[in-house]
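For reference, the structure is listed below as structure tokens.
The values are calculated or read from the model by the stated rules, or taken from the named source; none is laboratory data. Bear in mind that the values here come from a model prediction, so they are computed numbers and not experimental data. So basically every Cβ, Gly included, is an ideal-geometry build from the backbone, and we count neighbours across all protein chains shown. Only protein heavy atoms, including side chains, enter the accessible area calculation; ligands, DNA and RNA are left aside. Shrake-Rupley method; radii C 1.70, N 1.55, O 1.52, S 1.80 Å.
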Amino acid sequence: MIKYRLAPTSIYKRAHKAFIKKHPELKDNIEERLNLLQENPQDPSLKNHRLTGQLKGLHAISISYEYRLVFKTEGEIIYLLNIGIHDDVY
């Protein structure tokens, strides 16, 4: 199976840093989700779904019930775009 390369954008890096500072209890969960995303973006536990509207062409996975991570895939590269509360990242 192909292992994808994660490429966090500068916006994602800032959002991730702020998110971890606000929610340190989710740090391990995020790392686990990112590892799973890198191994198999279609794993059902990620709840990977396509976005519509202004975010058409992007995907999101669930970090927890209310938190999402938005990304786009180009070939074997997954560009991490944003992380946060459902309503804020959409």
Between LYS47 and LEU6, what FRET efficiency follows from the Cβ-Cβ distance if R0 is 25 Å, with the result rounded to 0.05?
-> 0.90
How large is Rg/Rh for the chain, to two decimals, with Cα atoms and a Kirkwood Rh?
-> 0.93
With all protein chains present, calculate the accessible area of GLU32 using a 1.4 Å probe and round the result to the nearest 10 Å².
-> 120 Å²
Length gained when the stretch LYS13-LEU36 is fully extended (0.36 nm per residue, less Cα-Cα span) = 6.4 nm
Rel. contact order, % - alpha carbon contacts under 8 angstrom, at least six apart, the chain | 33 percent
Please give the net charge around ARG14, taking every other residue with its beta carbon less than 15 angstrom from that of ARG14, where Lys and Arg add +1 and Asp and Glu add -1.
-> +3
Can you give the extra length, in nm with one decimal, that the chain gains between ILE77 and LYS22 once fully stretched, where that is 0.36 nm per residue apart less the Cα-Cα distance?
-> 17.0 nm
Charge tally for neighbours of SER45 with beta carbon under 11 Å away, counting Lys, Arg as +1 and Asp, Glu as -1, is 0
